[in-house]
Amino acid sequence: MPGPTSNPDWNAGAKHDFPSSSGNASSSDRSRDASPRRKASSTRHIHIPEHLARPHLAGPHRSLSEALRFVRSREDQETLLSVDDVDARSDGCLREDGEGAGPRELFFADPHSNLGVYVTIHRIRRLVLATIEDPYTMDQLREPRMNVLIVKPLVDRLYDEDDVSIVYCLLVNRMQFLREQQYQQHHQTVNLTRANLCELVALKILRRHDEETTGKQGLLFLAKILVAPFQPFQNAPSDICPDRHTWQYHSQGGYEGKLASLEVAIISESKVFLSSSACQKVIDAVYRGRIVYTPTTFMDILPDHYKHKPISLYDPRKAPLLNQYRLMVPRTRNMIEVIQFVILLCLYCLCMGNRDGVALTKPEIWFIVYACGWVLDECASMLEHGWTVHTQELWAFLDVGFVFVFLIYFAMRVYGWISSNDEAGRQALDLLAIAAPILFPRLAFNLMPENMLFISLRAMVKEFTALSLIAVWCFGGFLLALKWLNMSNNDVNFTEHPGPITISKWMLWIWFGLDGTGIDEAPNFHKYLGPTLMVIYAFLGNTLFLTVLVSILSNTFSKIAADATAEVQFRRAVLTFEGVKSDTLFAYRPPFNLVALVCLLPLKFIVTPRYFHKTNVTLVRVLNAPFLLGLALYERRNLWKPARKRRPGGPSKRSKWWNWQNFSAHADLQAVFDEEPPQDIIDRIEEEDDLEDAILDNSFAGAAPKVGEPSGGGVTRRRRLSSVWQG
């Protein structure tokens, strides 16, 4: 089917894509939009429809000073205001505009519980079903004509400046269309188009919120859209609401079963949405701890829900020095996990270097105790946000592999120690040795998580494993045929009858082209059928299958490399969302988490929630006091970008001998932007800009040149500047 831009009558034939009953513009709107196009076709002038103009870029005569003020207002989202301008609580959370100065309640109730999420989800589904009836690619949906006819009317109809659940509802519909794509073959490509449309509309709605809200409150509003939790059946009729998960032994105070838009985007792999600038701005703020919130969890091993913090901006200057909640910040959590893994790797090497197949050595005991705590931490991560989100992490398959190997080793080692079976102990250590190919690459994944080699390697390992299992399944028939020919042949020339293991070894050598022993021995199975089967297998396995495998892996790598930025930002989003932890168990380092699990979990069912919370906070602060103190001192200086200061006059005094950047030959290239220029320089620049704007306005006042005709220098310059501010 040709794209919409290739058909001259496409505009007239595309009206079925967005009928008026499902949200299309009225006839007056269409006539208003069509009049500029008719005028353009008659006068051959280029016109931009009014509905395509962005609010902050309205008008072609936007001055340079206005553009500069808009850019500086954007920088307020990254720069913390001065101490006098910030109103923060004792826990470091900033108060919102219009919020009282009194203390906030301990457990913050859901402020978005009144939103009709259930109704919005089904409203969006009806609109998308009525809009898309033919398959289009994502590139076609992003074309200007499709944007005007389909995407922008949906954005205008669904956009609500006070409703933060629209993006969540769009992403939930994307998940449903992707699910329907798998089993509705006759609508497979159409459902994929509908899913892409939901992602694109969600991206544009988030972008519009980003354009209309600036400063620290704008950043906070974007965070509410992405990380505020919602439930699909929120405010639905009571007779259709499903029962809550009663098998969970704890309550989250009304937040059970709720998911954030960011989590739905991750499990639906909305990479275009996650790679947008507005989304990455919030992800970076959450990762660094500038935005704090209490996440909803699938299941906690050691829950402590006495307090629930809302989505807030964090000011470390007003927070306590020993703030245990900073241990749950993704950047801090990622650093802690790297240190924990390095300790695990060192203990593993020490254990295997001093192994004793009979008795337990001290290094092996240290390794077992620490590894049990590390495995408990990993299991808690799997339960925190669910298996689907956890497996999206770049190195999740390596962690799961080590957990599997360690549990088998531990079971065999305990069995050998209890039963005094030395052979079982030696086999357990031999099994533990195969964990080395898992642990050493895992450290490289941690240190270089945004390397394209590791990102593509994860996807290719997944493809290779699936194809290898299919090949083993298919080629198992050759193994059975050869085995049965061996059993029925009485005139065999084998010195000893080969078993299934020997035959499999010969087939494996042929598969990878290592040895042709299987072909040499084929006549001993059967004079004619044996060589025939071996030759057919060699063609299929060594030639056809490997060629297909290389082609598929090359295609996988090329797809990832073609959109490397989106892939990197998607992994960054997964790392950030996985790093926000709610389970109390993460505040205890291995192997102290084992002690916390044994002691605090029974205590939770005995004492009151308030006393349990106080006990838990005291233990966490005592065990992590040096780290929390150093973290607080660092964040008070470096968490937010310091506001650039404006010198009253005179040369800038930047010659600090401890600043190593001053010793670089290119230090001034960066230092020229560290401080604001003097006020007289700014006044002179503004005078020149105003004068240039007036000259350009006079040169632009004449008739615009027609398309294809030579244009004057002033008009060309004016168009170039106008395109810069509107692009």
Anything in segment 507-547 that is among the aromatic types (Phe, Trp, Tyr), farther than 14 Å from ALA481 by Cα and surrounded by 13 or more Cβ atoms within 10 Å (Cβ to Cβ)? List them, or say none. TRP509, TRP511, PHE545
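Conditions tested, residue by residue: (1) touching a helix residue (DSSP H, G or I) at 6+ places or on another chain (Cβ under 6 Å); (2) closer than 16 Å to THR193 by Cβ.
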site	(1), (2)
LEU115	no, no
THR120	yes, no
LEU127	yes, yes
ALA130	yes, yes
PRO135	yes, yes
ASP139	no, yes
ARG142	no, yes
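Which residues, taken from segment 598-614, are among the aliphatic types (A, V, I, L, M) and crowded, with 18+ Cβ neighbours inside 10 Å?
LEU600, the sole residue that qualifies.
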Any chance you could count how many residues in segment 358-393 are in contact (Cβ under 8 Å) with a residue 12 or more places away in the chain and more than 30 Å from ILE455 (Cβ to Cβ)? 9
Among (1) farther than 23 Å from PHE406 by Cβ; (2) crowded, with 17+ Cβ neighbours inside 10 Å, which single condition is ALA424 missing? (1)
What helices (runs of 4 or more DSSP H) completely inside segment 128-239 contain at least 2 residues that are touching a Phe, Trp or Tyr at 6+ places or on another chain (Cβ under 6 Å)? 188-212
Check GLU133, GLU211, GLU199 and return the single one that is closer than 19 Å to LEU222 by Cβ, touching a His at 6+ places or on another chain (Cβ under 9 Å) and touching a residue at least 24 places away in the same chain (Cβ under 8 Å). GLU211
Any idea how many residues of segment 668-678 are in contact with a Lys or Arg (Cβ under 7 Å, 6 or more places away or on another chain) and assigned to a helix (DSSP H, G or I)? 1
Can you tell me which residue among ARG637, ARG610 is part of a helix (DSSP H, G or I), farther than 20 Å from GLU393 by Cα, touching a residue at least 60 places away in the same chain (Cβ under 8 Å) and of a type outside the set (Phe, Trp, Tyr)? ARG610
Can you tell me which residue in segment 548-572 is farthest from HIS390 (Cα to Cα), limited to those that are buried (at least 17 other Cβ atoms within 10 Å of the Cβ) and among the charged types (D, E, K, R)? GLU567
Identify all residues within segment 615-624 that are more than 30 Å from the chain's Cα centre (by Cα) and surrounded by 13 or more Cβ atoms within 10 Å (Cβ to Cβ); write none if there are none. THR615, ASN616, VAL617, LEU619, ARG621, LEU623
Answer from THR618, THR608 - the residue that is assigned by TED's automatic domain parsing to the domain that holds LEU344 and modelled with pLDDT of 90 or more: THR618
Of the residues that make up segment 373-393, is at least one closer than 30 Å to LEU220 by Cβ, out of contact with any helix residue (DSSP H, G or I) (no Cβ under 7 Å at 6 or more places or on another chain) and not in a helix (DSSP H, G or I)? yes
Residues (part of a helix (DSSP H, G or I), at pLDDT below 85 and under 47 Å from the mean Cα position of the chain (by Cα)) located in segment 511-537: TRP511
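Within segment 543-591, can you find the residues that are among the aromatic types (Phe, Trp, Tyr), outside any loop (DSSP other than H, G, I, E, B) and more than 14 Å from ILE283 (Cα to Cα)?
PHE545, PHE557, PHE586
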If we keep just the residues of segment 81-121 that are in a helix (DSSP H, G or I) and exposed (fewer than 15 other Cβ atoms within 10 Å of the Cβ), which is modelled with the highest pLDDT? VAL119
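The values are calculated or read from the model by the stated rules, or taken from the named source; none is laboratory data. Since this is a predicted model, take the numbers as computed values, not measurements. Neighbour counts are summed over all protein chains in view; Cβ atoms, including those assigned to glycine, are modelled from backbone coordinates with ideal geometry.
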